[in-house]
Structure formats: C-alpha cells, structure tokens
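The values are calculated or read from the model by the stated rules, or taken from the named source; none is laboratory data. All figures in this text were calculated on a predicted structure; none of them were measured in a lab. Here the Cβ positions follow ideal geometry from the backbone for every residue, glycine too, while neighbour counts run over all protein chains shown.
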Amino acid sequence: MFQTRAQQEGLPHTLLVSNVPGGVARPGAELTRRSPANRDDLVTVAPQSTREQVFEACENARRAAAGWARVPAPERGRLLGRLAQLLTAEKERLARFVSREVGKPLREARGSVQEAIDTAEFFQSEGRRLYGQTVPSELPNKELYTYRRPLGVVGMITAGNFPIAVPSWKIVPALLTGNVVVWKPSDDAPGTAALFFELLRRAGLPSGVVNVVHGGGAGAAGEFLIEAVDAGLVDKVSFTGSTAVGRKIGEVCGRRLQVPSLELGGKNPLVVLADADLELAVEGAVWASYGTAGQRCTSAGNIIVDRRVMAAFRERFVRRATSLKIGSPLDEHVDYGPFINERFLERWVEQRAVGLADGASLLLDGKRIGTAETLPGFSGDAARGLYATPRLFDDVRIDMRIAQEECFGPTVNLIEVDGLDEAIRTANGTPYGLSSAIYTRDAHAMLRFKEEIHAGMTSINNSTTGAEAHLPFGGNGWSGNGTRESGIWVLDSYTRWQAVNVDLAGKLQKAQIDVVDGEVSSGSALAAAAAAIP
Ligand code: UN1
C-alpha cells in the first residue's frame, strides 16, 4: 500500500507514479510535470492525493511507528548506508532526471545528489552514536540517564529547487532517530521523489515507514497533511518553503503544542568592503546571485558595497554577469538553466516594474529569453523553456520593496554604503535572517560581522549559497523558527529527551526536599558520608 511504482507505460519517457492503494490514480486527479527546459516534455504523471489518501498515509505510518522505533539505531543506520550506496550507484541517472524535471544544471544536480549521499553516510554512523548521557545523581545508589526518543509520525513538505538534497536532510535523520514519515514532495518534482522513494525501498525500508503523497498548491495534499496535524494524526511537521506558508503551518502546529521545523525564505546580504579582494568578491557575488538561476533560499538578494569600491565592483560584476552561459540544464557548461516553474517566472517578471516604481535603476535588464533574439552561447530551447537573462538593479535603498522581498529568480540589488557600520546595519535591514556573506581581508571586520549579523549562516569570503551537509542549516527572523537541519544539530528536531532515574537504595529517597530527621534526601548524603568516616 502507498508504494510508488515507476513505470514506463504508454507515454514514452514519462515516469508514471502511483501512491494510491490499488495502484491507479483516479481519472482527472492527476498531477503532470513538464520539464521547465521544454514544456512539451512530459516528465512525470503522478496522482493528486485526496484528503482521505493523505489521512490514510498518516494512519499507515502510525501503524509502522512502533516497529520501526524498536529497530536498533545501528540497524537503522545500516539501512541508510545501503541508501548511500544505492544513491551512489544511481547518481548519474538521478542527476539527469533532476535536471530534466526541475531544470537544475547537470553539475549542480550531481552535487545535490552527492549531498544526499553525504547526509546518508553521516547518519549511517550516527546510528552507532545517537548518544544519551549518564548524569550524576544528588543521591547515593541512584543513577540518572538521558535518552533520545522519536516523535512519531513526521509530516514533511519540501520544495522543488533541491528535490533530493533537502528531502534527505529531513527524511534521513528522521528515520535514523526512529520516526516514520509522510512526505509531500514539491509538485515540481514528483518523479524525483518517486525515484528517491524507490531507493529507500530497495535499501530495505519496511512498508509504511515512509509514505509519499502528491499534490500542489491550495486545496491539495500539502494542506491535507497540515489538516492531519489538527486531526491528531501527525506529531511533527518539517517544512521547507515560503515564509507565508511557514507562518500558517506554525500556527496550526502551535495549537497542538508542536514545534515544527521551518526552513523559510531569505533576502540574503552579501557585503563587499573597501579592502576586499574584488576579483574574488565578484566571482562569489555572481554565483550567489545567479547560480541555480537565483532559485535558492540562500541566493544573494542584496549586494552591499562600500562606496570606495562600488564603481570598480559594478563594472566587473556587470562584465561577469553578461558573460554567463545560460541554457539547457543538460549542457555541461551552462552557468544556469531555466526557471523551475511559471509561477517563479511570473513573479520575477513583475519584480522589474516594482523596482522601477521604487526608484531603482536597471543596470542589467533581465528579460525572458524569447525566440526572437539570439543570445550568444545560449544552448536552451527558447520557445519551449522558461529561460531569462540576469537582472541587476542599481541605486537600491534597503527600504525599497525589491530590497525587502524575496524573489526566486536571476535578480539582485546593488546597495551602496559607507563603511562597516552602515554595511552591517543595511545587511540587518530586512526581516529575514537566513544566510549572509562578507568579503574583506580585515580580521576585525570579519569578527564584527560574524557577531552582529542576524543570520543563521555566515560566509567570510565565500558565497551565501553552498551549505555543507554536516553544518547546521537554518535561519532566524522570517527565515525560520530557529530549528536547524543537518549534522548533529538536526537530531534535536526529530527527538525528544527522556530523563530516567533508577533508584537502587531500597527506600524512598527524596530529591529537592529539605531533610527531616532520619530521612535520606539530597543534601543529607554528604552528612551521611561524613558520619561514616572513622
Ligand atoms: C534551499 O534553497 O532550500 O546552501 C536550500 C545551499 C544549498 C541549500 C539550499 N545547499 O545553497
């Protein structure tokens, strides 16, 4: 039940996914996914899961929960090791599929599959740690221990821009710590999710431990999964997506006294000080802004440059940005590929007018690549793909809408400042706090930036993007609720501490209470020990 079948049936090259008991999606309730590099290329057909099916998936998970939690952690880890091996064996096939389904350039797609491999390998060995503590007791003949306990059914909702890496950040540690999962992948990547699920199954995952449901937007599977929180069917939610949706999820979970993991938007600042290595700063800023066509939550939103080097930086940045190679994600040499979906493209198109109305000027007038113009080096299908050239706003102030609002797409703002104080103030001038970067050679400036920036992640002389798989990932303010993914830190998101005391005294020992004659309690043990000394 709720297993995913990948088939090559009828529609050539189209992955048919099923998560419906009995195996067939109801007619008319299908989710189709076309490649953003070629809208004629039907990549995946998946079922739109109904409310009943989502609830059934939660109940299915619940039935598997006790059995999975009893599997020893090193065994759960071993399964993740097998997952890492399968991902490694299938890396190229998966990367090509990711490229086709969400338009990620092949090199990046390979890197993001590698991130899932790294995550699975990390947590394989965590299965042999998953440490609790022994804690000294205040009382004699008494032992104290702590254990990490699983939460139960974890509902996961993930985005389409990292369709394997980010789900693995959630699924892998949740499984290692003994939880069961209902996963609603992005409707931009239902096929990638199906392939990933298939590998989990091949790694030996028992039936019901991970359940995949599909759907997109309002009135669909993601909403039903949040309704399942209210219905008492889900114990924890882990979400990567927009701040607006994250807020709603947080409200629902709060009503149930649950702490969701929320990885939300960003408007990430990248600061360039007057003493920076400009060549390095330009390279990092261009990659942070336009890599993945700007569709990372960690993409740079505001480039904050000291006025002393603004002219030189601007000139080099424009030169570098105009030489970027745009095109087919399957082309090994492209710097970036298409938008992931029409919705992102439309918002990015609208952002142009917003910026101009704010009073910003356009240094690079990013436009959708149509069929009419020919762009040097462009290797995509302009008529069928969602491609655009880079946009660069100049004369931006931090209080402008374009400097405050996240926009997924190849667009970035130049903001001029005078010195470190104003740079830090400006970098902290949005409600977000995900990633941040500073380019400088001055150790004191590095130190101040690290200490004063309101961001969960900070790069010194590196891009805002490119988190490593074993460092805590997450943001502050509108970028999240303080939970972190990856590394050992994510364990706190999927476990709860249990404190256990074992009393071997054979009589009631009272902690935290004043001593009455003859009674043993905390504090009296020292007196007893002293009395025993001859
Ligand atoms: C995201 O965009 O949701 O640090 C995650 C990075 C990536 C993760 C981004 N590894 O850019």
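List of remarks:
- Taking segment 459-471 as the range and being within 12 Å of the ligand (Cβ to nearest atom) and at pLDDT 95 or above as the test, the residues that pass are SER459, ASN462, SER463, THR464, THR465, LEU471.
- Residue within segment 474-488 that is of a type in the set (Phe, Trp, Tyr), more than 30 Å from THR177 (Cβ to Cβ) and either assigned to a helix (DSSP H, G or I) or touching a residue at least 12 places away in the same chain (Cβ under 8 Å) (or both) present: no
- Pairs meeting the criteria (first residue in segment 153-174 and without any contact (Cβ under 8 Å) to a residue 60 or more places away in the chain and farther than 18 Å from ALA293 by Cα, second residue more than 12 Å from the ligand (Cβ to nearest atom) and part of a strand (DSSP E or B), beta carbons under 8 Å, at least 6 apart or on different chains) are PRO167/MET156; PRO167/TRP183; ILE171/MET156; ILE171/VAL181; ILE171/TRP183; ILE171/VAL210.
- Condition met for SER435 (closer than 28 Å to LEU386 by Cβ, within 20 Å of the chain's Cα centre (by Cα), at pLDDT 95 or above and not β-branched (Val, Ile, Thr)): yes
- Any hit, segment 254-276, residues being in a helix (DSSP H, G or I), modelled with pLDDT of 95 or more and more than 21 Å from VAL412 (Cα to Cα): yes
- Of the residues contained in segment 266-282, none is found to be of a type outside the set (A, V, I, L, M, F, W, C), touching a residue at least 60 places away in the same chain (Cβ under 8 Å), out of contact with any strand residue (DSSP E or B) (no Cβ under 8 Å at 6 or more places or on another chain) and under 21 Å from SER168 (Cα atoms).
- One residue from GLY222, GLY265, GLY246 being under 30 Å from THR440 (Cα atoms) and either surrounded by 21 or more Cβ atoms within 10 Å (Cβ to Cβ) or touching a Ser or Thr at 6+ places or on another chain (Cβ under 7 Å) (or both): GLY265
- Once segment 34-83 is narrowed to residues that are out of contact with any Pro (no Cβ under 8 Å at 6 or more places or on another chain) and among the hydroxyl-bearing types (Ser, Thr, Tyr), the residue that is nearest to ILE340 (Cα to Cα) is SER35.
- When the residues of segment 429-458 are filtered to those that are in contact (Cβ under 8 Å) with a residue 40 or more places away in the chain and among the polar types (S, T, N, Q), the one that is farthest from the ligand (Cβ to nearest atom) is THR440.
Residue-by-condition table, conditions (1) within 19 Å of the chain's Cα centre (by Cα); (2) part of a loop (DSSP other than H, G, I, E, B); (3) among the aliphatic types (A, V, I, L, M):
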| site | (1), (2), (3) |
| --- | --- |
| SER112 | yes, no, no |
| PHE122 | yes, no, no |
| THR146 | no, no, no |
| VAL154 | yes, no, yes |
| ASN161 | yes, yes, no |
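- For segment 300-327, the set of residues classified as surrounded by 24 or more Cβ atoms within 10 Å (Cβ to Cβ) and not in a strand (DSSP E or B) consists of PHE317, GLY327, listed by residue number.
- In segment 104-122, the residues that are within 21 Å of ASP331 (Cα to Cα) reach residues that are within 11 Å of the ligand (Cβ to nearest atom) and of a type in the set (Phe, Trp, Tyr) with C-beta atoms within less than 7 angstrom, at least six apart or across chains, in these pairs: SER112/PHE162.
- One residue stands out among those in segment 282-313 that are among the small types (Gly, Ala, Ser) and in contact with an Asp or Glu (Cβ under 8 Å, 6 or more places away or on another chain): the one that is nearest to the ligand (Cβ to nearest atom), which is GLY291.
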